[in-house]
Amino acid sequence: MSKIKCQCGHENPEGTQLCEACGRPLSEEAKKSDIVDMRYEGSARRSKTYTTSIVDKVWNFFSSVTVGVWIIVILLVTSAIGTLLPQRFNIDVPPNIEAQVAEYYEKHYGIFGKVYYTLGLDNMYSSWWFKILVGMLGVSIIIASVDRVVPLYKSLKRQRTRRHASFMKRQRLFGAGPVDDPDESIEQAGEAFKKLKYNVKIENDAMLAEKNRFSRWGPYVNHTGLIIFLVGVLLRGLPGWYVDEAMWLREGERKSIPGAQGYYLESKGFTLENYDVEGEDKVFEDAIERAGSVVKNYQTDVVLYKDKEGALPGSEDLEKVKEYEIVVNKPLTFDGYSIFQMEYRLDELSGMTFALVNKGSTDSLGEFTIDLTAPERKYELGEGTYVQILDYFPDFIGTRNGKMELDTATPVPNNPAFIFKLVTPETPEGETSLVEIGKPALEIDVTDKGTLDIVENDYQVKFLAADTHDMSGLTIRKDKTLYLLLVGGIIFMIGVAQGSYWQHRRVWIQKDEKTGELLLAGHTNKNWFSLRKDIDEVAETVPLPSYEDRADQEDKKEKKGDDN
Amino acid sequence: MNNERKANKKKKRSIIRGVALAIFAIVILVSLTLTPGKQKGLKPGDMAPDFELVDLDGNTHRLSDYRGEGVFLNFWGTWCAPCKREMPFMEKQYQTFKDEGVHILAVNVKESDLKVDSFRRSYQLSFPIAIDKTEAVKDAYQIKPLPTTILIDPDGKIVEIVQDEMNELEIKNYMEMIQPK
Amino acid sequence: MDFASLSSNLLFISFITYLVATLFFGGAVRKSKDEVAYKNSKWGTIGLALTIIGFLTHVGYFITRWIASGHAPVSNMFEFTTAFAMMLVGAFILLFMIYRTPSLGLFALPIAIIIIAYASMFPRDISPLIPALQSNWLTIHVITAALGEAILAISAVAGLIYLIKNIDMTKRSRERFWIEVVMFVVTLVIGFVISSVLFSTMGYEAEMNYVDKDGRDAHIVYNNPPLFAMNEYEMVTEGVMTPLAATPPIVNAKTLTTFSWSVIFGTVIYLLLRLIFRRPLAAVVQPLTKKANSQLMDEIGYRSVLIGFPVFTLGALIFAMIWAHEAWSRFWGWDPKEVWALITWLFYAAFLHLRLTRGWEGKKSAWLAVVGFIIIMFNLIAVNLIIAGLHSYA
């Protein structure tokens, strides 16, 4: 690497704008400028120094903040486009059935919907190009930061107290003029700046007062936080780092928790509660009346179990871990897992009560209740009287293709049907009938499977009542990256606060070697107003040359106006 | 001399940059293939998770007790049509292979005793049938569709996972596959 | 008097106080002869004192409503928007204390006033919290996010002053056109408020039955003459205006009608003002910005982004994610409101980078600040009322 040797004797890396030590402008551009560009202290950004190979070109591409801003803008615009229509996981159609998704968009949003779907915007945030954009942003953040932080650090470390006059003159805040005792002024100014919590260095008839240099690292700290966050998001994709499962749990049911092996959940009951216009919710009366009804609470009371030490799945050798009331915003947590109340279904059939009735006299011989999740084989109703379940179809198919099919479509009791054998002292042989919910009983002879001969029975079962239970839709999550994401977020916040709420301020005061005048210059990376206030405060007690803010044209005009 | 050092340094820097860029590219490409929330899933070659179930006759079956013998582990439901179709074939092959060191265990996923018992009677099945009441075994094997059949060799390793209906010949071949040599 | 009615009275008092305070800030700008007088003008001091009184009563509204409802009053559109206006005034007071610029008050307060007026057009009932909102994070997340947005909004106010002052209104130019568009949009909001107040004092009501986008029968009540009717509508109320057209099922004709009335009223108001002044509105208000120091406005614009950006990140993204994880089981779900918070964040990130490395200061930076405010308002208004996902309020 060729070095640029400054007149002050300091060797600067190639590409340096301002001498790291004395601040003399080195590049043509810097020499010509009125106010020097103080970004990165005029140091040589490493990216700018090589442009030969393809690797360097790619590197430099990502090192450019302009490129970074473009990536941000593209992400911003595409994200906005993704909100024009609902994403596929937010519509009322199963998101994995392409044909239905396509139909949904066309039906609801016409030709625009079709185009939106065809372009894949219905699942934009998971698309490969969106992920690549986010990845490129990450790369841009890393490369651009690395390329800047190192030279900036070196440059701030190497700065000398005494700067060259050409550097001073090119600062935004600059003043020059004679004072009675320059050395005394420098000393006093040093003391005054110390009182304002500046770090002050005095050497060679020059003073440097510096404050909050650490705020310069803010951007790099917050970028580190962002990268940690993005790494966390990336790790979630690895198998085992992130569990996302769902389960439906009926009241009274105990089930293994998917994704959390060895743990079981039992529902003791689901509660849906609305706000009540009377009583303590009276203050909400108007709002409730306008809305009709407002839900106050969804709650599933659960018991968490786990396999006993050494117990195998299926053995049901369990021990209770805890009881908990899962409500929205208060998930059940255990062993890194969280279980959330997400959905519910009310009133699934759970039991049916029948009476055995003599068709002629309509006398009841007794009642029995069938638990649909665990029906019994035989219900005794008295001496020599019982009802036997020959078969049970939770979701009875009934007639299909003109033929009676004794079968069930699903294991869920959507449409229960039974084949009963009714035995009474008068009919010790038993009569059989097929009872389907909501339909007249079919009196049949099922002795020979397949042929369903209609017969005439003396007895029948009569449906009396149904019991129902509710189902809770629960989501099971485990996210090992959460803490990483949180750490990333915290580091980002520290960095962004560090860079935003503090400013790196520097004031240089030095005696001009030739004229003996005092030169004063000030620089801050942001918040010039406060820097001016600091200097003005010092200038109240210490004789200093007056200065001007050369970016503030109006101020200059007004000051000139005062002179007139 | 100076030039040489400069060239070396430049070369070194290019290499570092190249490696860094390559790593970034790989990370991004790998991330494209990942879907958060996917479980690892069992695959042939894995050890079959041990479990313990009681069959309809009250006999306890613990997978690890069958070490040294093949296990034909079938997950099914009475409502599932392909399950019903393959049951008679399984029964037939069971008669041949039960003395050849192959066990069949048909695990019904959470149905009522009455329903499963009625089913067994009407299909006249003699191999052991157990009901996975809490779905713990189903979850341990991460079973999605029914029927799914897991073929476990005498060492307790999964040989094959069949997520489909099988015909008689396939059943026979699978049983031969896990038969102790 | 119970807390609920006390709180609405307090809000009304603060509304009036802000109006009066604006006049005093106007006085400070008009009466002071030079920079120093302007900074320390009596009018400005009174304006500030009034603003602080208004702010305190506004806080009083907030606290009493909190007591009345039992939860932080940020749970529906009215509550959130009024809270936002309160934070806007708070942020203004903070920046005024630092920079002492009456011009800022002259522009910030009317915006706060318009926002309160806009908020009052929504149902003001104290509403109960649905289960998803029953969390301390509601208080933490919404208040921090609103505070961040309010501070960012001050940057737009400073930007607006900068632009109005520095754009040459005597010559035709793109920037003169766009600044006039901004003024026009402000009159549209005023049009919305005036049309809503007018129709509601008239007690206008039009009921209709219609078929919604899923093919179900539904029922809707308009509070303004139905310019547009819902899909396959059938009027229930008699003697009301016959709609010009029915909209396709995915378009909410009621929202469209309200929007159209706002445009009609706003445009009429705008044209009237143009007739009265015979100049673009931006040129009309330009003299009010004369005393504002451009450099200072630029600095305030930048400073408020610097102060507001971390607060916004914390409230609208980090706290939001923590809460979303607790309530909805995932910290991020690409819900429109979430996406627009991210868009806002990305936008201000771009703002900061452009300023830092591309040297976008002055007009460019001012325009960005104004656009940022438009994005924030879009997220507040359009995303809630039109796009609506999990965050849709009332």
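Counting only residues that are in the same structural domain as A:N457 (by TED's automatic domain parsing), give me the strands (runs of 3 or more DSSP E) lying completely in the range A:263-362 with at least 1 of them.
Filter on the range A:263-362 gives A:337-358.
For the range A:113-127, state whether one or more residues are farther than 30 Å from A:E41 by Cα, polar (S, T, N, Q) and either in contact with a strand residue (DSSP E or B) (Cβ under 6 Å, 6 or more places away or on another chain) or buried (at least 17 other Cβ atoms within 10 Å of the Cβ) (or both).
Step one: list which residues in the range A:113-127 are farther than 30 Å from A:E41 by Cα, which gives A:113-127.
Still in the running and polar (S, T, N, Q): A:118, A:123, A:126-127.
Next, only the ones that are either in contact with a strand residue (DSSP E or B) (Cβ under 6 Å, 6 or more places away or on another chain) or buried (at least 17 other Cβ atoms within 10 Å of the Cβ) (or both) stay: A:127.
Yes, the range A:113-127 contains a residue that is farther than 30 Å from A:E41 by Cα, polar (S, T, N, Q) and either in contact with a strand residue (DSSP E or B) (Cβ under 6 Å, 6 or more places away or on another chain) or buried (at least 17 other Cβ atoms within 10 Å of the Cβ) (or both).
(1) closer than 30 Å to A:V295 by Cα; (2) at pLDDT 90 or above; (3) surrounded by fewer than 22 Cβ atoms within 10 Å (Cβ to Cβ): which one isn't true of C:A85, the others all being true?
Looking at each condition in turn, C:A85 falls short on (3).
Could you give every pair whose Cβ atoms fall below 6 Å, whose first residue belongs to the range A:533-547 and is outside the structural domain of A:G177 (by TED's automatic domain parsing) and surrounded by 14 or more Cβ atoms within 10 Å (Cβ to Cβ), and whose second residue is of a type in the set (S, T, N, Q) and assigned to a helix (DSSP H, G or I), counting only separations of at least 6 or pairs across chains?
none
Quick one: in the range A:80-97, of everything that is assigned to a helix (DSSP H, G or I) and surrounded by fewer than 21 Cβ atoms within 10 Å (Cβ to Cβ), which residue is farthest from the other protein chains (Cβ to nearest Cβ)?
Of the range A:80-97, the ones assigned to a helix (DSSP H, G or I) are A:80-81, A:88-90.
Filter again for surrounded by fewer than 21 Cβ atoms within 10 Å (Cβ to Cβ), leaving A:80-81, A:89-90.
Details: A:A80: 6, A:I81: 10, A:F89: 8, A:N90: 7 Å.
Among residues in the range A:80-97 that are assigned to a helix (DSSP H, G or I) and surrounded by fewer than 21 Cβ atoms within 10 Å (Cβ to Cβ), the one farthest from the other protein chains (Cβ to nearest Cβ) is A:I81.
Run A:D286 past the list (1) facing another protein chain (nearest Cβ under 7 Å); (2) touching a Leu at 6+ places or on another chain (Cβ under 9 Å) and report the number of the one that doesn't hold.
Only one criterion is unmet by A:D286, namely (2).
Is there a residue in the range C:205-219 that is of a type outside the set (D, E), surrounded by 18 or more Cβ atoms within 10 Å (Cβ to Cβ) and within 26 Å of C:L380 (Cβ to Cβ)? Let's see the steps before the verdict.
Pass one, the range C:205-219, residues of a type outside the set (D, E): C:206, C:208-211, C:213, C:215-216, C:218-219.
Remaining after also requiring surrounded by 18 or more Cβ atoms within 10 Å (Cβ to Cβ): C:206, C:208, C:210.
Applying the additional criterion that residues be within 26 Å of C:L380 (Cβ to Cβ) yields none.
Checked the range C:205-219: no residue is of a type outside the set (D, E), surrounded by 18 or more Cβ atoms within 10 Å (Cβ to Cβ) and within 26 Å of C:L380 (Cβ to Cβ).
Would you check if C:S120 is more than 19 Å from C:L56 (Cβ to Cβ), polar (S, T, N, Q) and buried (at least 24 other Cβ atoms within 10 Å of the Cβ)?
On the way: more than 19 Å from C:L56 (Cβ to Cβ): yes; polar (S, T, N, Q): yes; buried (at least 24 other Cβ atoms within 10 Å of the Cβ): no.
Taking the combined requirement at face value, the residue does not satisfy it.
Might you let me know whether the range A:451-469 holds any residue that is surrounded by fewer than 19 Cβ atoms within 10 Å (Cβ to Cβ) and within 13 Å of chain C (Cβ to nearest Cβ)?
no
Of the residues A:K197, A:K255, only one is charged (D, E, K, R), outside any strand (DSSP E or B), modelled with pLDDT of 90 or more and over 20 Å from A:P545 (Cβ atoms); which?
Sole residue among the options that is charged (D, E, K, R), outside any strand (DSSP E or B), modelled with pLDDT of 90 or more and over 20 Å from A:P545 (Cβ atoms): A:K197.
I'd like the full set of residues that are at the interface with chain A (Cβ under 9 Å from one of its Cβ atoms) and assigned to a strand (DSSP E or B), limited to the range B:103-162.
B:V107, B:V109, B:A130, B:D132, listed by residue number.
Filter the range A:182-227 down to residues that are among the polar types (S, T, N, Q) and in contact with a Leu (Cβ under 7 Å, 6 or more places away or on another chain), then give me how many there are.
Within the range A:182-227, residues that are among the polar types (S, T, N, Q) and in contact with a Leu (Cβ under 7 Å, 6 or more places away or on another chain) number 1.
Yes or no: the range A:482-489 includes at least one residue that is part of a loop (DSSP other than H, G, I, E, B), out of contact with any Gly (no Cβ under 6 Å at 6 or more places or on another chain) and at pLDDT 90 or above.
So the first thing to find is which residues in the range A:482-489 are part of a loop (DSSP other than H, G, I, E, B), and the list is none.
Looking through the range A:482-489, none of the residues is part of a loop (DSSP other than H, G, I, E, B), out of contact with any Gly (no Cβ under 6 Å at 6 or more places or on another chain) and at pLDDT 90 or above.
State all residues of the range B:13-27 that are closer than 19 Å to A:V146 by Cα and of a type in the set (A, V, I, L, M); if no residue qualifies, say none.
B:I15, B:I16, B:V19, B:A20, B:L21, B:A22, B:I23, B:A25, B:V27, listed by residue number.
For the list (1) under 29 Å from B:F51 (Cα atoms); (2) surrounded by fewer than 19 Cβ atoms within 10 Å (Cβ to Cβ), I need the number of the one condition that A:V302 fails.
(2)
Might you check whether a residue that is part of a helix (DSSP H, G or I), facing another protein chain (nearest Cβ under 8 Å), hydrophobic (A, V, I, L, M, F, W, C) and in contact (Cβ under 8 Å) with a residue 24 or more places away in the chain occurs anywhere in the range C:333-340?
yes
What tally of residues in the range A:384-413 results from selecting those that are in a loop (DSSP other than H, G, I, E, B), free of Cβ contacts under 8 Å to residues at least 60 places away in the same chain and within 21 Å of B:G77 (Cα to Cα)? Walk me through how you get there before you give the answer.
Going through the range A:384-413, the residues in a loop (DSSP other than H, G, I, E, B) turn out to be A:384, A:394, A:401-402, A:409-413.
Of the ones still in play, those that are also free of Cβ contacts under 8 Å to residues at least 60 places away in the same chain are A:384, A:394, A:401-402, A:409-411.
Next, only the ones that are within 21 Å of B:G77 (Cα to Cα) stay: A:394, A:409-411.
Count: 4.
How about the range A:313-349: which of its residues are out of contact with any strand residue (DSSP E or B) (no Cβ under 6 Å at 6 or more places or on another chain) and facing chain C (nearest Cβ under 9 Å)?
Matches in the range A:313-349: A:N329, A:K330.
Across the range A:490-531, what is the number of residues that are in a helix (DSSP H, G or I) and at pLDDT below 90? Quick ask: steps written out before the conclusion?
Kept after step one, since they are in a helix (DSSP H, G or I), are these residues of the range A:490-531: A:490-501, A:528-531.
Filter once more, so that each one left must be at pLDDT below 90: A:528-530.
Matching residues across the range A:490-531 total 3.
Determine, yes or no, whether B:R85 is within 14 Å of chain A (Cβ to nearest Cβ), assigned to a helix (DSSP H, G or I) and under 23 Å from B:D164 (Cβ atoms).
Taking the combined requirement at face value, the residue satisfies it.
I'd like the full set of residues that are aromatic (F, W, Y) and more than 16 Å from B:F24 (Cα to Cα), limited to the range A:219-248.
Within the range A:219-248, A:Y220, A:W241, A:Y242, A:W248 meet the criteria.
Taking only the range A:6-36 into account, find how many residues are within 14 Å of chain B (Cβ to nearest Cβ) and surrounded by fewer than 17 Cβ atoms within 10 Å (Cβ to Cβ).
2
Can you name every residue in the range A:153-171 that is touching a His at 6+ places or on another chain (Cβ under 9 Å) and either over 17 Å from A:E11 (Cα atoms) or outside any loop (DSSP other than H, G, I, E, B) (or both)?
First, the residues of the range A:153-171 that are touching a His at 6+ places or on another chain (Cβ under 9 Å): A:156, A:158, A:160, A:171.
Within the range A:153-171, A:L156, A:R158, A:Q171 meet the criteria.
If we scan the range B:53-70, do we find a residue that is part of a strand (DSSP E or B), over 22 Å from B:P180 (Cα atoms), in contact with a His (Cβ under 9 Å, 6 or more places away or on another chain) and of a type in the set (D, E, K, R)?
yes
Of all residues in the range B:110-134, count the ones that are under 21 Å from the mean Cα position of the chain (by Cα), surrounded by fewer than 22 Cβ atoms within 10 Å (Cβ to Cβ) and without any contact (Cβ under 8 Å) to a residue 40 or more places away in the chain.
Counting residues in the range B:110-134 that are under 21 Å from the mean Cα position of the chain (by Cα), surrounded by fewer than 22 Cβ atoms within 10 Å (Cβ to Cβ) and without any contact (Cβ under 8 Å) to a residue 40 or more places away in the chain gives 2.
With respect to the numbered conditions (1) in a loop (DSSP other than H, G, I, E, B); (2) more than 30 Å from C:G333 (Cα to Cα), which one is the sole condition not fulfilled by A:K57?
(1)
Residue-wise test of (1) within 35 Å of the chain's Cα centre (by Cα); (2) in contact (Cβ under 8 Å) with a residue 24 or more places away in the chain.
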| residue | (1), (2) |
| --- | --- |
| A:D147 | yes, yes |
| A:Y153 | yes, no |
| A:R163 | no, yes |
| A:M168 | no, yes |
| A:L173 | no, yes |
| A:A176 | no, yes |
| A:D180 | no, yes |
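Could you tell me how many of the residues in the range A:243-289 are basic (K, R) and farther than 20 Å from A:A311 by Cα?
3
Out of the range C:49-69, which residues are in contact with a Leu (Cβ under 6 Å, 6 or more places away or on another chain) and within 14 Å of chain A (Cβ to nearest Cβ)?
Once the filter is applied, which keeps residues that are in contact with a Leu (Cβ under 6 Å, 6 or more places away or on another chain) and within 14 Å of chain A (Cβ to nearest Cβ), the range C:49-69 yields only C:T64.
Name the single residue that is surrounded by the fewest Cβ atoms within 10 Å (Cβ to Cβ) among those in the range C:266-303 being more than 10 Å from chain A (Cβ to nearest Cβ) and of a type in the set (S, T, Y).
Filtering first and then ranking leaves C:T267.
The values are calculated or read from the model by the stated rules, or taken from the named source; none is laboratory data. Keep in mind the model is a prediction, meaning the values are calculated, not measured. Using ideal geometry, Cβ is built from the backbone for each residue, glycine included, and neighbour counts are taken over all protein chains shown.
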